[in-house]
1. Take region 37-48 and flag every residue that is within 23 Å of the chain's Cα centre (by Cα) and either on the phi > 0 side of the Ramachandran plot or open to solvent by less than 60 Å² (accessible area, probe 1.4 Å) (or both).
2. Go through region 46-66 and report how many residues are without any contact (Cβ under 8 Å) to a residue 24 or more places away in the chain, farther than 18 Å from residue 6 by Cβ and outside any strand (DSSP E or B).
3. With respect to residue 150, is the statement that it is open to solvent by 20 Å² or more (accessible area, probe 1.4 Å) and out of contact with any Lys or Arg (no Cβ under 8 Å at 6 or more places or on another chain) true?
4. Got a sec? Which of 131, 161 is within 26 Å of residue 33 (Cα to Cα), in contact with a helix residue (DSSP H, G or I) (Cβ under 8 Å, 6 or more places away or on another chain), part of a loop (DSSP other than H, G, I, E, B) and free of Cβ contacts under 8 Å to residues at least 60 places away in the same chain?
5. When you look at residue 152, is it within 14 Å of residue 106 (Cβ to Cβ), among the β-branched types (Val, Ile, Thr) and out of contact with any Pro (no Cβ under 9 Å at 6 or more places or on another chain), yes or no?
6. Check 39, 70, 113 and return the single one that is closer than 25 Å to residue 156 by Cα and not aliphatic (A, V, I, L, M).
7. Does residue 69 satisfy the criteria of being of a type in the set (S, T, N, Q) and either outside any loop (DSSP other than H, G, I, E, B) or in contact with a Cys (Cβ under 7 Å, 6 or more places away or on another chain) (or both)?
8. Regarding residue 29, is this residue free of Cβ contacts under 8 Å to residues at least 60 places away in the same chain, under 26 Å from residue 149 (Cβ atoms) and under 19 Å from the mean Cα position of the chain (by Cα)?
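The values are calculated or read from the model by the stated rules, or taken from the named source; none is laboratory data. Everything quoted here is computed from the prediction, not taken from an experiment. Reconstructed Cβ throughout: ideal geometry from the backbone, glycine too, with neighbour counts over all protein chains shown. SASA here: full protein model, heavy atoms, side chains in, ligands and nucleic acids out. Shrake-Rupley method; radii C 1.70, N 1.55, O 1.52, S 1.80 Å.
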Amino acid sequence: DDGQSVYVLVSHHGNVHLHRIGLNGEIEQITQGNRQVFGFSLDRNTGTIVVASTNPVNPGDLYLVHQNTGEEVQLTHVNEHILADLFVSQPEEFWFEGVDGRKVQGWVMKPYGFQEGKKYPMVLEIHGGPHMMYSNSFFHEFQLLASEGYVVIYTNPRGSHGYGQAFVDACRGDYGGGDYGDLMKGVDYAVVNFPYVDEARMVVTGGSYGGFMTI
C-alpha cells in the first residue's frame with residue numbers, strides 16, 4: 001500500500017512461495033515448507049495474507065499467514081474426509097548429477113502396498129514446457145499410478161524453471177540432447193539407488209513437450 005514493495009510468487013527447487021520484494025532490493029520469503037502456493041490475497045490494513053496452497057498429499061486448502069509473526073493457520077480442510085479413506089503416496093526427493101555435472105532434482109513415489117524386498121514396475125513422467133517444472137504439489141495422475149502398483153519417478157531436467165535462468169536456457173537449440181541425457185541419468189540413478197525398481201519393467205510417458213521426449 002505504501003508503494004515500496006511488490007508481492008510475487010517465486011519458483012525455487014520444486015516449491016512455489018510468496019515473496020515480498022522491496023524497491024531497496026530486500027527480498028523476504030513469506031511462506032515456508034514443501035508446497036506450491038498458487039494464489040494469495042493481502043489485507044493491506046492488518047498485514048495478514050490468505051494463501052491458496054497445495055502439497056504432494058493435499059490437493060489444496062486456504063491458509064491465513066500473519067506476515068509480521070510468520071504464524072500460519074489452516075482455514076479449510078476441503079478434502080480431509082476423502083483423503084482419510086485413501087492411500088496417498090508421499091514423494092521422496094532426490095538429487096543426481098546430469099550429463100555435464102549439473103545437479104538435477106527428482107522425486108520418487110512408492111506404490112500402494114509397498115513391501116521391502118519386492119520389485120515394482122516403474123513409470124518415468126516427463127513434464128511439458130519445457131520451461132515449467134514439477135513441484136511439491138498434488139498430482140492426481142501420479143497418485144493413480146502409485147495406487148495401481150507403480151513406482152513413479154519424475155524430475156526437473158535442464159530447461160525446467162526453479163533453478164535459475166542458465167538452467168532454463170540450457171535446453172535451447174538442443175531439444176532431445178542434454179535434456180534427454182538428464183532424464184536418462186535420473187533413470188540410472190533410480191535403478192541403482194532404489195532396489196525396489198524392476199529394471200525389466202520400465203515405461204515412460206509425459207505431456208506436451210514431455211510427450212515429445214518419449215519419442
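1. Matches in region 37-48: 37, 39.
2. 1
3. Numbers: open to solvent by 20 Å² or more (accessible area, probe 1.4 Å): yes; out of contact with any Lys or Arg (no Cβ under 8 Å at 6 or more places or on another chain): yes.
Considered against the rule, which asks whether it is open to solvent by 20 Å² or more (accessible area, probe 1.4 Å) and out of contact with any Lys or Arg (no Cβ under 8 Å at 6 or more places or on another chain), residue 150 comes out as yes.
4. Numbers: 161 fails: free of Cβ contacts under 8 Å to residues at least 60 places away in the same chain.
Checking each option against the conditions leaves just 131.
5. Details: within 14 Å of residue 106 (Cβ to Cβ): yes; among the β-branched types (Val, Ile, Thr): yes; out of contact with any Pro (no Cβ under 9 Å at 6 or more places or on another chain): no.
Against the criterion (within 14 Å of residue 106 (Cβ to Cβ), among the β-branched types (Val, Ile, Thr) and out of contact with any Pro (no Cβ under 9 Å at 6 or more places or on another chain)), residue 152 does not qualify.
6. Working: 70 fails: closer than 25 Å to residue 156 by Cα; 113 fails: closer than 25 Å to residue 156 by Cα.
That would be 39, the only listed residue that is closer than 25 Å to residue 156 by Cα and not aliphatic (A, V, I, L, M).
7. Values: of a type in the set (S, T, N, Q): yes; either outside any loop (DSSP other than H, G, I, E, B) or in contact with a Cys (Cβ under 7 Å, 6 or more places away or on another chain) (or both): no.
No: the conditions fail for residue 69.
8. Details: free of Cβ contacts under 8 Å to residues at least 60 places away in the same chain: yes; under 26 Å from residue 149 (Cβ atoms): no; under 19 Å from the mean Cα position of the chain (by Cα): yes.
When the stated conditions are applied, residue 29 does not pass them.
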